[in-house]
Structure formats: structure tokens, C-alpha cells
Amino acid sequence: MSKSKQSRREFLSTAAWSAVGTIGAAGLLTNCASTNTLKDLKDDTHLTLLNEAPDGEPLRAGLVGCGGRGSGAAVNFVDAGPNLEIVALGDVFEDQLQKSKTMLKKARDIDVPQENCYAGFDNYQKVIDSGVDIVIFATPPHFRPMHVEAAIDAGKHVFQEKPVAVDPVGARQMMATTQKAKQKNLCMVSGTIRRYQKDFIETQRRVANGAIGEVVGANIIRNGGAIWWVERKPEWSEMEYMIRNWQNFSWLSADHYVEQFIHELDVMNWHMDSWPVKALGYGGRTHPVSGNKFDHFSVQYEYEDGKKAHCATRQINGCDNSKTQYITGTEGYADATGSLYNHQGELIWEYPYPEDDNPESEWYVNNPYVQEHVELVTAIRTGNYINDSETQVNSTRMALMGRMAAYTGKDVTWDEVVNSDLRLGPDTYEFGPVNGIPENPPVAGTAPSSANRYT
């Protein structure tokens, strides 16, 4: 439906905003029990979709993990509204910390005092104890469960980048921390940005309301070039090398199926409205360059009612790239990014982006990396509690399910992931050797024996 065919009044009267509620008179989104939402997202996610958080007393945030995404998240936080400050920085490495400090000064004139900059493995605790209200976590995801638990224990609100764990043990720890945060009324917002992006939200709302009939499956693909990697320098210990090269080690990144593809999996979960009961997958590494991760995956998920969804992702240079987020219904299919089609491939609706990208338009799509922080700050300042961490944990579990299936060549069930004792990584964190973590990817199955065909 084009913008000219649907007025603002018609839009407001028909929008039963799935997973976020309905628009109230004050322009805020309030909880709506009648919406058709993912069962694990029904609690504690009430979005405003304001372009900027309301003013209020200053909120002081500390950043843990000063790489590119962490530094970007710090900028996104201060862009989310007035009276927002970054007052502490933490990273394992001093050079990364100083690089971030310089970038923040240049980007938004954020001047973090040197006495509030902390390096070493205990940097997260020092940031938590520095007098902040909010902690932004953007470290390699292996550390997320431990770091976030410490912040919630200390009474801090949390922004946590995705994914929130690299293994089932970490996911259980994060789920327990999430429940603790709810008991303490501490807000948690996660970095799965599509649930904070108006075009994705409106598309999902229409699918949930039957625009393409009953959802019966999905086809999700994300193919792109190889991720960055770094060569080991002679002066680096094994631990330092792995952390500096974290994207390429599964114990630190969870592999790209979990670390990156979780965006697409989370969108699929949102539309499928349930969690799969089983996964069968495969993958491997075509170009053995660095670390022990795969560079391609293909996974089929099966749901309790028999529905199936196919997901595939690749990180290899020199290949054609594509991104597909198709949700199949009995009467058509959706491109989750903002359009609906019938089964003849004819467009039946697309998101009406304002031609001038006018922020005053009801259809304006705010930067989702900023919108996450708008929602977090608004919730804190208005008391409109928000916590999306349970959904994030379960999306992480679904991604782990696919990775585990591909690594082992075996069917993996949801219950196995929830209850597994699999834990990746060392038990202690110190610079030096890291035992038991080979620099080669897992190999599923066994090699065939030769056949005696010519006797």
C-alpha cells in the first residue's frame, strides 16, 4: 500500500504493533495484550519509536570493549538524546582503549578522563565501579555472560551487543542474569537492531496480521566477503593473539553463524513466532587462513508443527554476495526488509519510505543503532521498563543450535542446546599459552575407506 493510500489516522487505527504494542495519544507505544507476538517477547519490551529520548537528569555510561563496534555504540548512545555522557572506558588492551578515546573525542567531543580508562582483564569491573548508571558491553561475546552478570549484580542498566553467549553454558548464565535484572527493575537492551527498526517492525506486524496468510516457512541467506583477520606478532602470547584475532576463534566469537548471522535468525524467529525443535546442518572452511571457525554454513530448522526453514551464510571473497530474508505464507511471501508479494511474485505492499527522509514523517526510519539507545534511555527516564534479553538469549540459542549441528554433522534439538554442558574457552584469563584450543576448524563425520573394486 502506498503512502497516498493510507492516512496517518488509518495507520494508527489499524496498527496492532506486534511485539511493541500500539501507539497511544502521547505518541508512545504501550503494551497491547491482543497482539500476535513471539511468545518469549511478550514481556518487558514496550517501544516508543521516538527519534530522540526525552530530556532528564544526566545518565552516565561506561563502555566495555573499545573496538570499532564498541566505539560506535558509545557514539550511538550520546546521539540518542540530551544529557547523555560516556564517562569511562575499559578494554583488555591499552592501545585499543586509547584508540577509542581518540575516536570519541574526534567524533562527538567526548573527553573521557584518563583516570577513568581501564585496561586488563578486570577492566569491566572497574568500569562498573566507576559511578556509571549504564554499561555498554561490546567485547568479544565469550565474555558477555560474566560481564553482564557483574553489571546487573552491581545495579546497572545494560546495553549488550549480540550475541550474548558463545555456548549453552553461557546462554543459561545469561538467562539467569536476565531474570535477576527483571527482579531488580534494571533495563536491558540488546544489539539485534531489526526489532528496533520501523520498516522491519511494520512488515512483521502485517505478516502477523495475516497479510500473506499463515506463515509456513522461511528462506534466509546472508553471503558476503571474508571477515578480517590478523597475523600473530612475535611479541604476542597465544592469549593476546586469540583475543586480538577474536573473530576467527569460535570460543571468542561463537563463529560467524552466531556472531553475525544472528541478525537474520532473529528476524526469522520473530516471523515464525516459535522456536525450532531441531536443526540439521553442515558447513566447513574453504580457505584455511586463520583461527578455527567455518566460512560457510547451511542449516535446516524444523518446528514442532512440521514447518521447516532453510538458513545459509558464507564469508568468502571472490563470490557473488546476497542477502535474502524471505518469509513464506500460504497466500504469499514477505521480504522482511519491507515488502510483501503474492505467489505470482507481484508486489502487494512495500514500506513507504519518505522521499525526503524527513524525520517528522510517521514513516521515517531512525538509525536502528541509535534507536536501541533511544529506547533504553526512554525506559530509564520514564519508568516504562524494557528488557529484551530473554528473546536475545533464545535467538543466541537458536544460532548455537545451527552451529553445533554443522560442527558435528548430527541433528541437534532445542532441548539439547538448553541443557548442554558445552562450554568453550579457557577457565582462566591471563596472557600466556591457551591450552586445548587448536587453530583448525572441527571436522564432522569420518573419512571413507577405500573400496577393493578391482581384484
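The values are calculated or read from the model by the stated rules, or taken from the named source; none is laboratory data. It should be emphasised that the depicted structure is a prediction, and the values quoted were computed from it without experimental measurement. So basically every Cβ, Gly included, is an ideal-geometry build from the backbone, and we count neighbours across all protein chains shown. For accessibility, only protein heavy atoms count, side chains too; no ligands or nucleic acids. Shrake-Rupley method; radii C 1.70, N 1.55, O 1.52, S 1.80 Å.
Looking at Thr286, Thr313, can you tell me which residue is surrounded by fewer than 17 Cβ atoms within 10 Å (Cβ to Cβ), at pLDDT 95 or above and of a type in the set (Ser, Thr, Tyr)?
Details: Thr313 fails: surrounded by fewer than 17 Cβ atoms within 10 Å (Cβ to Cβ).
Answer to the check: Thr286.
Please verify whether Thr330 is crowded, with 23+ Cβ neighbours inside 10 Å, at pLDDT 95 or above, more than 21 Å from Gln160 (Cβ to Cβ) and among the hydroxyl-bearing types (Ser, Thr, Tyr), treating the condition exactly as stated.
Details: crowded, with 23+ Cβ neighbours inside 10 Å: no; at pLDDT 95 or above: yes; more than 21 Å from Gln160 (Cβ to Cβ): yes; among the hydroxyl-bearing types (Ser, Thr, Tyr): yes.
It is false that Thr330 is crowded, with 23+ Cβ neighbours inside 10 Å, at pLDDT 95 or above, more than 21 Å from Gln160 (Cβ to Cβ) and among the hydroxyl-bearing types (Ser, Thr, Tyr).
Which condition breaks for Gly383 when tested against (1) at positive phi; (2) buried (at least 17 other Cβ atoms within 10 Å of the Cβ); (3) not aromatic (Phe, Trp, Tyr)?
The failed condition is (2).
Looking at the structure I just gave you, is Ala88 touching a Pro at 6+ places or on another chain (Cβ under 9 Å) and surrounded by 15 or more Cβ atoms within 10 Å (Cβ to Cβ)?
Numbers: touching a Pro at 6+ places or on another chain (Cβ under 9 Å): yes; surrounded by 15 or more Cβ atoms within 10 Å (Cβ to Cβ): yes.
Yes.
Kindly list the number of the only condition in (1) closer than 27 Å to Ala208 by Cα; (2) open to solvent by 10 Å² or more (accessible area, probe 1.4 Å) that fails for Gln247.
Result: Gln247 fails condition (1) only.
For (1) farther than 18 Å from Trp246 by Cβ; (2) among the basic types (Lys, Arg), each residue gets a yes or a no:
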{"site": "Val78", "(1), (2)": "yes, no"}
{"site": "Gly81", "(1), (2)": "yes, no"}
{"site": "Val87", "(1), (2)": "yes, no"}
{"site": "Asp91", "(1), (2)": "no, no"}
{"site": "Gln98", "(1), (2)": "yes, no"}
{"site": "Thr102", "(1), (2)": "yes, no"}
{"site": "Ala107", "(1), (2)": "yes, no"}
{"site": "Ile128", "(1), (2)": "yes, no"}
{"site": "Lys156", "(1), (2)": "yes, yes"}
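Residues of region 102-128 being within 26 Å of the chain's Cα centre (by Cα) and surrounded by fewer than 20 Cβ atoms within 10 Å (Cβ to Cβ), which ones?
The answer is Met103, Ala107, Arg108, Ala119, Gly120, Phe121, Asp122, Gln125, Lys126.
Can you name the residue in region 407-436 that is farther than 15 Å from Arg172 by Cβ and part of a helix (DSSP H, G or I) and, of all such residues, is most open to solvent (accessible area, probe 1.4 Å)?
Thr408
When you scan region 211-218, do you find a residue that is aliphatic (A, V, I, L, M), surrounded by fewer than 18 Cβ atoms within 10 Å (Cβ to Cβ), at pLDDT 95 or above and assigned to a helix (DSSP H, G or I), even just one? Break it down into steps so the answer makes sense when it comes.
Initial filter on region 211-218 (aliphatic (A, V, I, L, M)): 211-212, 215-216, 218.
So of that shortlist, the ones also surrounded by fewer than 18 Cβ atoms within 10 Å (Cβ to Cβ) come out as 211.
Then drop every residue that is not at pLDDT 95 or above, which leaves 211.
With assigned to a helix (DSSP H, G or I) added as a condition, the list becomes none.
No.
For Glu439, are the conditions met, namely being closer than 30 Å to Phe297 by Cα, among the charged types (D, E, K, R), in contact (Cβ under 8 Å) with a residue 40 or more places away in the chain and open to solvent by 80 Å² or more (accessible area, probe 1.4 Å)?
On the way: closer than 30 Å to Phe297 by Cα: yes; among the charged types (D, E, K, R): yes; in contact (Cβ under 8 Å) with a residue 40 or more places away in the chain: yes; open to solvent by 80 Å² or more (accessible area, probe 1.4 Å): yes.
Considered against the rule, which asks whether it is closer than 30 Å to Phe297 by Cα, among the charged types (D, E, K, R), in contact (Cβ under 8 Å) with a residue 40 or more places away in the chain and open to solvent by 80 Å² or more (accessible area, probe 1.4 Å), Glu439 comes out as yes.
Does Phe159 satisfy the condition of being more than 26 Å from Thr391 (Cα to Cα) and not in a helix (DSSP H, G or I)?
Details: more than 26 Å from Thr391 (Cα to Cα): no; not in a helix (DSSP H, G or I): yes.
Judged against the criteria, Phe159 is not a match.
Just to be sure I understand the filter: pairs with C-beta atoms under 8 Å, separated by 6 or more residues or on different chains, first member in region 141-158 and on the phi > 0 side of the Ramachandran plot, second member of a type outside the set (Val, Ile, Thr) and at pLDDT 95 or above. Which pairs pass?
The qualifying pairs are Gly155/Lys184; Gly155/Leu186.
With respect to Val169, is the statement that it is open to solvent by 30 Å² or more (accessible area, probe 1.4 Å), more than 29 Å from Tyr341 (Cβ to Cβ) and among the aliphatic types (A, V, I, L, M) true? Let's see the steps before the verdict.
On the way: open to solvent by 30 Å² or more (accessible area, probe 1.4 Å): yes; more than 29 Å from Tyr341 (Cβ to Cβ): yes; among the aliphatic types (A, V, I, L, M): yes.
Considered against the rule, which asks whether it is open to solvent by 30 Å² or more (accessible area, probe 1.4 Å), more than 29 Å from Tyr341 (Cβ to Cβ) and among the aliphatic types (A, V, I, L, M), Val169 comes out as yes.
Just to be sure I understand the filter: pairs with C-beta atoms under 9 Å, separated by 6 or more residues or on different chains, first member in region 217-229 and closer than 10 Å to Asp295 by Cα, second member among the aliphatic types (A, V, I, L, M) and open to solvent by 50 Å² or more (accessible area, probe 1.4 Å). Which pairs pass?
Ala226/Val289
Being touching a strand residue (DSSP E or B) at 6+ places or on another chain (Cβ under 7 Å) and at pLDDT 95 or above, is that true of even one residue in region 356-371?
The initial filter retains those residues of region 356-371 that are touching a strand residue (DSSP E or B) at 6+ places or on another chain (Cβ under 7 Å), namely none.
Scanning region 356-371 turns up no residue that is touching a strand residue (DSSP E or B) at 6+ places or on another chain (Cβ under 7 Å) and at pLDDT 95 or above.
Cβ-Cβ below 9 Å, separation at least six or inter-chain, first residue in region 184-201 and without any contact (Cβ under 8 Å) to a residue 12 or more places away in the chain, second surrounded by fewer than 24 Cβ atoms within 10 Å (Cβ to Cβ) and assigned to a loop (DSSP other than H, G, I, E, B): which pairs?
Close Cβ pairs (under 9 Å, with a partner that is surrounded by fewer than 24 Cβ atoms within 10 Å (Cβ to Cβ) and assigned to a loop (DSSP other than H, G, I, E, B)) do not exist here.
What is the residue count in region 228-243 for residues that are buried (at least 17 other Cβ atoms within 10 Å of the Cβ) and of a type outside the set (Ser, Thr, Tyr)? I'd like the intermediate steps shown before the answer.
So in region 228-243, the residues buried (at least 17 other Cβ atoms within 10 Å of the Cβ) come out as 239-243.
Narrowing the set further to residues that are of a type outside the set (Ser, Thr, Tyr) leaves 239-240, 242-243.
Number of matching residues: 4.
Could you tell me whether any residue of region 350-366 is under 29 Å from Pro276 (Cα atoms) and out of contact with any helix residue (DSSP H, G or I) (no Cβ under 6 Å at 6 or more places or on another chain)?
At the first step, the residues of region 350-366 found to be under 29 Å from Pro276 (Cα atoms) are 350-351.
Now drop any that are not out of contact with any helix residue (DSSP H, G or I) (no Cβ under 6 Å at 6 or more places or on another chain), which leaves 350.
Yes.
Across region 43-84, what is the number of residues that are closer than 22 Å to Gln197 by Cα, in contact with a strand residue (DSSP E or B) (Cβ under 8 Å, 6 or more places away or on another chain) and surrounded by fewer than 16 Cβ atoms within 10 Å (Cβ to Cβ)?
Summing the residues that are closer than 22 Å to Gln197 by Cα, in contact with a strand residue (DSSP E or B) (Cβ under 8 Å, 6 or more places away or on another chain) and surrounded by fewer than 16 Cβ atoms within 10 Å (Cβ to Cβ) in region 43-84 gives 1.
To keep it simple, each residue is scored yes or no on (1) free of Cβ contacts under 8 Å to residues at least 40 places away in the same chain; (2) part of a strand (DSSP E or B); (3) farther than 22 Å from Thr324 by Cβ.
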| site | (1), (2), (3) |
| --- | --- |
| Ile243 | no, no, yes |
| Tyr257 | no, no, no |
| His263 | no, no, no |
| Asp266 | no, no, no |
| Asn269 | no, no, no |
| Trp275 | no, no, no |
| Ala279 | no, yes, no |
| Gly283 | no, yes, no |
| Thr286 | yes, no, no |
